[in-house]
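Let me begin by presenting the structure, written as C-alpha cells, before commenting on it.
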Amino acid sequence: MAEVVKLLTCLIIVYVESGGIVQLFDTIDKQLIRQPMDTLKVCVPSFVYVIQNNLLYVSASHLDAATYQVTYQLKILTTAVFAVLILKKELLKTQWFSLVMLVLGVVLVQLAQAPGTSQIHSGPEQNRLIGFMAALSACVLSGFAGIFFEKMLKGSDITVWMRNVQLSVCSIPFALISCYVYDGDVISRQGFFFGYDKFVNYLVLLQACGGLIVAVVVKFADNILKGFATSLAIVISCVASIYIFDFHLTAQFAIGAACVIGSIFLYGHSPKKSATTLSAHRV
Ligand code: C5P
C-alpha cells in the first residue's frame, strides 16, 4: 500500500509538472512504455527493496528492538562499499574512519535508549540467529539497492518522480506476490484490508513519505550523506525524548551523540572533499 500511495503521489506530481492529462500520458508513454529496458533496470532495486523490507520484518520479529536497530546501522558501511564498487566513488581514509565512527556513535545512542536485557522478553518463537542474519542481509541489500537507484537517478534526465513511478510499477507486483505467498490464506479469509486501523494507515503514509524523501535525498545529495542525516535524526529524536518522554541523558548517549556529530564534520573535512561536496550542493 505504501508503494500504491507513492505511485499516486508521483503521478499527481508528474501531471502538475507536465501541465495536463494528455502530457502525463505522453510522458508515461515516452519514458515508461517505450523504454522497456530502462524500466526493467529499475526493477532491480525495486525487487531488492521488497526483499529488504520483508527481511526487516523477519529480523524485527526475531530480535529485540535495540539489537535490531543497532545491527541495521551496519548499512552505513555496506552503502559506502557499494558506492566505491558501483559508483567508483573515492573515499579518503579519514572518511572511512568517520563512517566507522558514525556507526559506533549511532550504536551507542541506540543502546543508551534501550531497556536493560532483564526487561527484554524474547518470545518462544524468537530465533536470534535468524533475526541477526536477516538484519545483516538487509544491510547488504539496502546498500546495493540504494546505490543502484542512485546510479539510475543521476545517470539520466528522467525526473525523480518518473523514476519512482517506474519503481512502484515494478514493486507493486513483487509486493503483491510476497503478500500472497506469506499471508495468502489469511487474506482470502479476512480480506486484504483486514486490520488496517489508524496506526497501520499512519505507517503506510510514513513509509510512503519516507520513500519519496529518500529518493529526493539520493538524487540531490547521495546515499552516504543520507546515512549521516538519518543518524543525526536519531540523535535529535533522542534529545526531543528528554523533554517529551522523560528520557534521561546518560554519559553513553552523550559520547554516542558526540561521535555522530564529530563524524559528520570529519567526513566533510578535507580540502579535496569540501570542494567536491560544495559543487555537488550547488548543482
Ligand atoms: O534502510 P534504507 O535506507 O535502505 O531504506 C530505504 C527505504 O526507502 C526502503 O524501505 C525503500 O523501500 C524505501 N524507498 C522507497 N522509494 C525509493 C527509495 C527507497 O520507498 N525511491
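What follows draws every value from the coordinates through simple rules; no lab data is involved. Predicted model only: the values in this text are computed from it and were never measured. Here the Cβ is made from the backbone with ideal geometry for all residues, glycine too, and neighbour counts use every protein chain on show.
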Exercise. Which distance in nm do the two modelled labels at Y180 and K198 give, with both placed 7 Å along the Cα-to-Cβ direction?
Worked result: 3.4 nm
For this session: List, in order, the whole-Hz ³J(HN,Hα) value for each residue of region 22-32 obtained from phi through the Karplus relation with A = 6.51, B = -1.76, C = 1.60 and θ = phi - 60°; use x for Gly and Pro.
Result: 5, 5, 4, 5, 5, 4, 4, 4, 5, 9, 10
Exercise. How big is the convex hull of the Cα atoms of the chain, per residue, in Å³?
Worked result: 165 Å³
Exercise. Once Lys and Arg get +1 and Asp and Glu get -1 on their Cβ, which of T27, I13, A66 lies farthest toward the positive end of the dipole of region 1-67?
Worked result: T27
Problem set entry | Lysine pair count for the chain [Cα-Cα under 13 Å; pairs on different chains or 8 or more apart] | 9
Seminar exercise, completed: Binned at 5 Å from zero, the C-alpha pair distances of region 1-57 give percents of 4, 17, 16, 23, 20, 10, 6, 3, 0
Exercise. Taking N as the number of residues in region 106-252, what value does Rg over Cα atoms divided by 2.2 N^0.38 Å take?
Worked result: 1.30
For this session: If a cysteine in the chain has no other Cys Cβ under 4.7 Å from its own Cβ, put it on the list, ordered by number.
Result: C10, C139, C179, C209, C238, C259
Seminar exercise, completed: Counting all Cα-Cα pairs in region 1-144, those more than 25 Å apart amount in percent to 50 percent
